[in-house]
Amino acid sequence: MEIAEASNHEAILEAARIIRRGGLIAFPTETVYGLGADACNPKAVAKIFEVKRRPSFDPLIVHLADAGSASLYGVVPKGIPGELMARFWPGPLTLVIPKTAAIPPIVTAGLDTVALRVPSHPAALALIRAAERAIAAPSANLFGTVSPTEARHVADQLGDAVDLILDGGRCAVGIESTIISFAAARPRILRAGGVPIEEIERLTGPIERFTGSSDRPEAPGQMTRHYATRTPLKLLEADEVPVPSGSRVGLLAFTPPLHPEGYAAVEVLSNTGDLREAAANLFAALRRLDALGLEIIAACPFPERDLGIAIMDRLRRGAVS
Ligand code: TXA
Ligand code: MG
């Protein structure tokens, strides 16, 4: 397994060569680490599905270096999509629009739409530019598990299956991109994520939210059980204080809890009650708790505004019902 410092220009050039040859690169983005391949090389993209053990009906996000290249891969509808690109790219926003013939069907799971995003992490942008390719990349984790926010999370799960891991440190946003679909007449939010919905709606007006979930929904990343830890995760009600005596319970808390005693481990996501900081810490904290062999992880509810909406979405999908 090879891990290289993402700020090293030589490493970026090596990674770019691997992409052009049809290999797989794990690379940092501002949201989570991606498992990338040349989006226009179906064989390379097939390896992503194989390595992740991802069902072929779950489409990938295509990463671009700039909004200008969006029209090579997608048909950009007039109006709001262009405004969103101008306002939020580079950044944690993904737009689903009709695809062009440049994108092979394997990328979109046969859909006639494609998900596009321009990441803001400098190493991601440098890689896309150096490869001179659009890069298809899901999160660099095994299907259904928690997304990686540090290079070693990728190394632990996918290690030898990728040709090179670019280590760009901890992901600043820590939660996947917000996805908005323009596939139908009216835009729809398919996944809450790194750009708060409120910020988007300030520009667009109210957007319909995708709330349904099933095993094969319109936004496959919205499958009912996703982001799963091995340890059962229980999402607590607002005032619930559950410590079954004698059992090993871990607590995932937004701010320092009033009564940490009795828990085998406590992870506080933000001492100051900052939802951005909490989102950035969420997945690494879940992994740490998951590694302790606890009986259960209890998660406190988060306020459902701003990034709290995306955090609660991940916790609900990770929880056993
Ligand atoms: O922040 C992110 O979005 C990260 C980084 C690596 O960019 N990527 C990511 O990819 O979270 P992934 O594969 O874990 O989630 C991609 C999701 C799919 O599961 C699906 O919900 C949605 O994007 N998607 C992709 N193409 C789509 C399409 N054509 N129509 C509807 N949804 C689509
Ligand atoms: Mg994922």
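Which of these, GLU237, GLU132, GLU150, has the largest mean-square fluctuation under a Gaussian network model of the chain (Cα springs below 10 Å)?
Maximum fluctuation in the GNM of the chain, among the listed residues, is at GLU237.
In segment 1-63, which trypsin sites (Lys or Arg not before Pro) fall in coil by DSSP and have 15 or fewer other Cβ atoms within 10 Å?
Loop-located and lightly packed - ARG21, ARG53.
Which of ASP313, ASP112 has the fewest other C-beta atoms within 10 Å, and how do the rest follow up to the most?
Neighbour counts put them in this order, fewest first: ASP112, ASP313.
Counting Lys and Arg as +1 and Asp and Glu as -1, each charge on the Cβ, what is the dipole of segment 233-318 about the Cα centre in debye, to the nearest 20? List each step's numbers first, then the result.
On the way: 9 positive and 12 negative charges, 64 e Å.
Using only the charged Cβ atoms, the result is roughly 300 debye.
Tell me which of LEU236, PHE49, GLY293 sits at the most positive position along the dipole axis of the chain, charges placed on C-beta atoms (Lys, Arg +1; Asp, Glu -1).
PHE49
How would you classify segment 105-172 from its alpha-carbon gyration tensor, with a ≥ b ≥ c the square roots of the eigenvalues: rounded for a/c under 1.5, else prolate if a/b is greater than b/c, otherwise oblate?
Judged from the Cα gyration tensor, segment 105-172 comes out oblate (a/c at least 1.5, b/c at or above a/b).
Explain nothing, just the number: relative contact order of segment 3-209, from Cα pairs under 8 Å at least 6 residues apart, as a whole percent. Walk me through the intermediate numbers first.
Numbers: 475 pairs, mean separation 63.4, N = 207.
Value for segment 3-209: 31 percent.
Please find the FRET efficiency linking ALA291 to LYS43, where r is the Cβ-Cβ separation and R0 is fixed at 51 Å, and quote it to the nearest 0.05.
Computed FRET efficiency for ALA291 and LYS43: 0.90.
Out of segment 63-105, which trypsin sites (Lys or Arg not before Pro) are coil in DSSP terms and have no more than 14 other C-beta atoms within 10 Å?
LYS78
Among the listed pairs LYS99/LYS234; LYS47/LYS99; LYS43/LYS99, which are separated by more than 31 Å between their Cα atoms?
LYS99/LYS234
Among the chymotrypsin sites (Phe, Trp or Tyr not before Pro) within segment 23-81, which fall in a DSSP loop and have no more than 16 other Cβ atoms within 10 Å of their own Cβ?
The qualifying sites are PHE57.
In the chain, what percentage of the DSSP-assigned beta bridges are antiparallel, given to the nearest 5?
For the chain, the DSSP antiparallel bridge percentage is about 40.
Where does each of HIS226, HIS9, HIS63 land when they are ranked from fewest to most other beta-carbon atoms within 10 angstrom?
By the 10 Å Cβ count, ascending, the order reads HIS9, HIS226, HIS63.
Put +1 on the Cβ of each Lys and Arg and -1 on the Cβ of each Asp and Glu in segment 37-166; which of PHE143, LEU84, PRO59 then has its Cα farthest toward the positive end of the dipole?
LEU84
Relative to the present Cα-Cα distance, how much length would full extension add between ARG230 and GLU83 at 0.36 nm per residue of separation?
Separation in residues times 0.36 nm, less the Cα-Cα distance, equals 48.8 nm.
Of LEU93, ILE175, MET312, which is farthest along the charge dipole of the chain in the positive direction, counting Lys and Arg as +1 and Asp and Glu as -1 at C-beta?
Result: LEU93, furthest along the dipole toward the positive end.
Figure the gain on full extension for ALA185 and GLU208 (residue separation times 0.36 nm, minus the Cα-Cα span) and round it to one decimal in nm.
Going from the current span to full extension adds 7.1 nm.
Quick one: check the C-alpha center-to-center distance for segment 14-49 versus segment 86-154, whole angstrom.
9
Is there a quick way to get the dipole size of the chain? I mean about its Cα centre, with the Cβ of Lys and Arg at +1 and of Asp and Glu at -1; what is the value in debye to the nearest 20?
On the way: 33 positive and 36 negative charges, 175 e Å.
The calculated dipole for the chain is roughly 840 debye.
With no solvent and one equal point scatterer per Cα, compute the Debye intensity ratio I(q)/I(0) for segment 3-209 at 0.16, 0.18 Å⁻¹ and report its log10, rounded to two decimals.
-0.98, -1.25
Could you state the number of Å between the C-alpha centres of segment 163-208 and segment 266-321?
18
Taking the number of other C-beta atoms within 10 Å as the exposure measure, put SER321, SER177 in order starting with the fewest.
Final ranking by Cβ density, sparse to dense: SER321, SER177.
Just so you know, all these numbers are worked out from the coordinates, no wet-lab data involved. The model shown is predicted, which means the values in this text are computed figures rather than measured ones. For neighbour counting, all protein chains shown are included, and Cβ atoms are generated from backbone atoms with ideal geometry for every residue, glycine included.
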